[in-house]
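Engineer: This is the structure I have questions about; it appears just below.
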Amino acid sequence: MGRKVNERQSMTGVILDALRNDINNGVYRDGQFITESEISLRFNVSKTPAREALNYLCQEGLLIKFPRKGYMVKSLSLTEAQKLFQFRNILERASVEYAVRYATDDEIEELDHIANETIDTSDVDWVNQYNDLNMRFHTSIAMLTRNEYLVDALKRTLNMLRRELILDMKETSVKKALEAHIHMVAAMKERDIEKALRVTTDQIDVVEKRLYVR
């Protein structure tokens, strides 16, 4: 019994990751419907893991469930996106300030290792790889708060913004984006709260302006 549950959970995770990437990369368009039958057929599984993955994407804000019809890919309005960027800024500033005040030198050194990882832009999947790295970097800072509610809120916010962030990465330099991580960690190492918060806010504001200010 336990083995079957673990296998189902594992399959749910595989479906979840695949669907999240498909939504974020435009395989499924805004307003498009996805059904449990379609997903179970695609992945050759029962409807249970398909339903679990689709419901999880509803919790993440990527889908909206319509009983007896399916799951619709949710579009982000300009107002919703701006509110998410604002919320992200609040969460990340709180995480960074905590890290500057209380993180150990070893913990900040670990962040430095992540910040210095590189992305091979010749790889066809480089945009997703960058976004995975970006998610890992920012959630690693949040995890230093030891506050699972803050970490979950940031993960949810970044997942809801992922389509926007992927769009942004197609218009900017990966090198510049990764350098922002390095500058943030440098300020943390100096234990300079004002500088670390400024770098954090600037990084978020720059992305938002590139996307919405033309």
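Read the figures in this text as sums done on the coordinates, not as results from a lab. Keep in mind the model is a prediction, meaning the values are calculated, not measured. Positions of Cβ are generated from backbone atoms using ideal geometry, with glycine treated the same way; all protein chains shown enter the neighbour counts.
Engineer: Is there a residue in segment 179-194 that is closer than 26 Å to residue 27 by Cα, of a type in the set (A, V, I, L, M) and either without any contact (Cβ under 8 Å) to a residue 60 or more places away in the chain or surrounded by fewer than 16 Cβ atoms within 10 Å (Cβ to Cβ) (or both)?
Structural biologist: No, every residue in segment 179-194 fails to be closer than 26 Å to residue 27 by Cα, of a type in the set (A, V, I, L, M) and either without any contact (Cβ under 8 Å) to a residue 60 or more places away in the chain or surrounded by fewer than 16 Cβ atoms within 10 Å (Cβ to Cβ) (or both).
Engineer: Restricting to segment 200-214, give me the number of residues that are among the basic types (Lys, Arg) and in contact with an Asp or Glu (Cβ under 6 Å, 6 or more places away or on another chain).
Structural biologist: 1
Engineer: Return the only residue of 146, 93, 88, 162 being over 16 Å from residue 204 (Cα atoms), among the basic types (Lys, Arg) and out of contact with any strand residue (DSSP E or B) (no Cβ under 9 Å at 6 or more places or on another chain).
Structural biologist: 146
Engineer: A further question on this structure: Give the residue that is surrounded by the fewest Cβ atoms within 10 Å (Cβ to Cβ), with candidates limited to residues of segment 53-96 that are among the aliphatic types (A, V, I, L, M) and over 30 Å from residue 198 (Cβ atoms).
Structural biologist: The residue in question is 64.
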